[in-house]
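Asks: Questions regarding the structure given below will be posed in turn.
The values are calculated or read from the model by the stated rules, or taken from the named source; none is laboratory data. In this text, all values refer to a predicted model and were calculated from it rather than measured experimentally. Note that we place each Cβ from the backbone using ideal geometry, even for glycine, and neighbour counts take in every protein chain shown. Note: accessible area is taken over every heavy atom of the protein model, side chains too, but ligands, DNA and RNA are not part of it. Shrake-Rupley method; radii C 1.70, N 1.55, O 1.52, S 1.80 Å.
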Amino acid sequence: MGGLAAALGLRQVGWQVTVLEQAAEFAEVGAGLSLWPNALRALDELGVGPQVRAAGVAAVSRGGLRLPSGGWLRHARPDDVHVLMVHRAALHEAMRAPLPADALIPGATVTSVDLAAGTVAYRQGGETRQRGADLVVGADGLHSVLRQAMWPGHEPRFDGRRVWRAVVGAGAPRIEASLTLGADRQFGILPLPGDAVYWFLTAPAARPGERFADELAAVADRVAGWHPPIGELLAATTPGSVLHHDLYALDPVPGFARGRAVLLGDAAHAQTPDLGQGACQAIEDGVVLAAAVAAHGDLATAIGSYDRQRRPRTQLVARAAAKQAELNAKHYRAVTRLARIIPPPLWRRQAARFTDWVPPALPHDLSSTVDS
Ligand SMILES: Cc1cc2nc3c(=O)[nH]c(=O)nc-3n(C[C@H](O)[C@H](O)[C@H](O)COP(=O)(O)OP(=O)(O)OC[C@H]3O[C@@H](n4cnc5c(N)ncnc54)[C@H](O)[C@@H]3O)c2cc1C
């Protein structure tokens, strides 16, 4: 997601871009994704806002809160901050479509990066190849090779939780978007286009890597007796479609830029999904990076500016996500009590503290092109 955002932005300001992707094809698996207004504004700036909006459905995420018994702590309100719910594959498709096919190289696994020289070595079709660029963007996710080159040993931390996710298509029960707060687990239900429903369950995990022969049954065990339509949703879920991931977060890295390289997205600031902002921040990164290189002729100044603009914000959002998880875990009773009584304007202000962000305007129609 972050790599495509950077590619769209850099092309828009006149750069030539090549995206190396380890997967055999450019596609996205995964389930639903919430895009907050900050990301939608960034996607508008990247020129794909209308296409993404057409592929999504508006909803309030984390606005309707319930107890496992079914009692509502709070209903979503029209004046709550809304998200656009999209299927990850649809977002990926909308962001990939404007990029020329020869800018996308699938099946290319980056193995090392020379930050000062701006060269990457990668494996493709059993061969080792090398490429040089004016700027190398490390948008290679949680276990980033570029981050290892920039900050050796700076690895993501297991958060002690796991998440299961799935999408129920045809035959999904009717839902009201909600997040059900259990003492140590949460079940989320959100709409997707075409009357599909995205559900997720976050729950404790003693160690990473534990998997179940029947993942759907493992979910059902953990929410046995919880309110409708959770049981109906699970019954309508195709067992093999359930995704199971361990949750990780990255402690703040000391910098996003060095030499001819920058970090972006989860590679730079992987966070727990408690605010649903990880991909949104990656998309913001792409716009800010493009605006910075367009504004500064000198690369060192441009990437220094990118670092100064992005590091404080993304690390603040990541900290807030971790704080939210901690609050839910350690102060469950207080959280449920507060959810009932917080006045709507305060609730809105709290949700909007990260979503009011406005992207820099990207200049268009630059005549010069620079290899990247
Ligand atoms: C359960 C869950 C729910 C979430 N929900 C939301 C949400 O609702 N809203 C939101 O904004 N965020 C959400 N997030 C966060 C979001 O998924 C991530 O922040 C986002 O995917 C990060 O994008 P990225 O491009 O930085 O990394 P990734 O999406 O991980 O992409 C990295 C890409 O790099 C490729 N790659 C990796 N290594 C190499 C290599 N060596 N060589 C070549 N290619 C490589 C990978 O194949 C991949 O395509 C959620 C996360 C989780 C776990």
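Asks: Would you please list the contacts, defined by Cβ atoms under 7 Å and residues six or more apart or on different chains, that run from a residue in the stretch 38-53 that is among the polar types (S, T, N, Q) to a residue that is not in a loop (DSSP other than H, G, I, E, B)?
Replies: Taking only residues 6 or more apart or on different chains, the pairs are Asn38/Cys280; Asn38/Glu284; Gln51/Ala94.
Asks: How many residues does the stretch 148-204 hold that are within 20 Å of His244 (Cα to Cα), open to solvent by 10 Å² or more (accessible area, probe 1.4 Å) and among the basic types (Lys, Arg)?
Replies: Residues in the stretch 148-204 being within 20 Å of His244 (Cα to Cα), open to solvent by 10 Å² or more (accessible area, probe 1.4 Å) and among the basic types (Lys, Arg): 4 in total.
Asks: Could I ask something else about it? Could you tell me which numbered condition Leu142 fails, if it satisfies all but one of (1) away from the ligand (no atom under 12 Å from the Cβ); (2) more than 30 Å from Gly71 (Cα to Cα); (3) in a loop (DSSP other than H, G, I, E, B)?
Replies: The one condition Leu142 does not meet is (1).
Asks: Kindly provide the set of residues from the stretch 118-141 that are surrounded by fewer than 14 Cβ atoms within 10 Å (Cβ to Cβ) and not charged (D, E, K, R), ordered by number.
Replies: Within the stretch 118-141, Gly125, Gly126, Thr128, Gln130, Gly132 qualify.
Asks: So for the stretch 207-215 (the condition being within 30 Å of Val110 (Cβ to Cβ), within 14 Å of the ligand (Cβ to nearest atom) and open to solvent by less than 20 Å² (accessible area, probe 1.4 Å)), does at least one residue qualify?
Replies: Checking the stretch 207-215: not a single residue is within 30 Å of Val110 (Cβ to Cβ), within 14 Å of the ligand (Cβ to nearest atom) and open to solvent by less than 20 Å² (accessible area, probe 1.4 Å).
Asks: Six or more apart or on different chains, Cβ under 8 Å: which pairs go from a residue in the stretch 4-28 that's closer than 19 Å to Val120 by Cβ to one that's basic (Lys, Arg)? Could you list them?
Replies: Qualifying pairs under 8 Å: Leu4/Arg96; Val17/Arg11; Thr18/Arg131; Leu20/Arg131; Phe26/Arg96.
Asks: Quick one: what pairs do we get from the stretch 232-248, first residue within 19 Å of Pro273 (Cβ to Cβ), second part of a helix (DSSP H, G or I) and not aliphatic (A, V, I, L, M), C-beta under 8 Å, 6+ apart or different chains?
Replies: Val242/Glu215; His244/Glu215
Yes/no matrix, rows are residues, columns are (1) of a type in the set (Phe, Trp, Tyr); (2) within 8 Å of the ligand (Cβ to nearest atom); (3) assigned to a loop (DSSP other than H, G, I, E, B); (4) within 14 Å of Ser144 (Cβ to Cβ):
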residue	(1), (2), (3), (4)
Val253	no, no, yes, yes
Pro273	no, yes, yes, no
Gly304	no, no, no, no
Arg310	no, no, no, no
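Asks: Quick one: in the stretch 1-47, of everything that is among the small types (Gly, Ala, Ser) and part of a helix (DSSP H, G or I), which residue is nearest to the ligand (Cβ to nearest atom)?
Replies: Gly2
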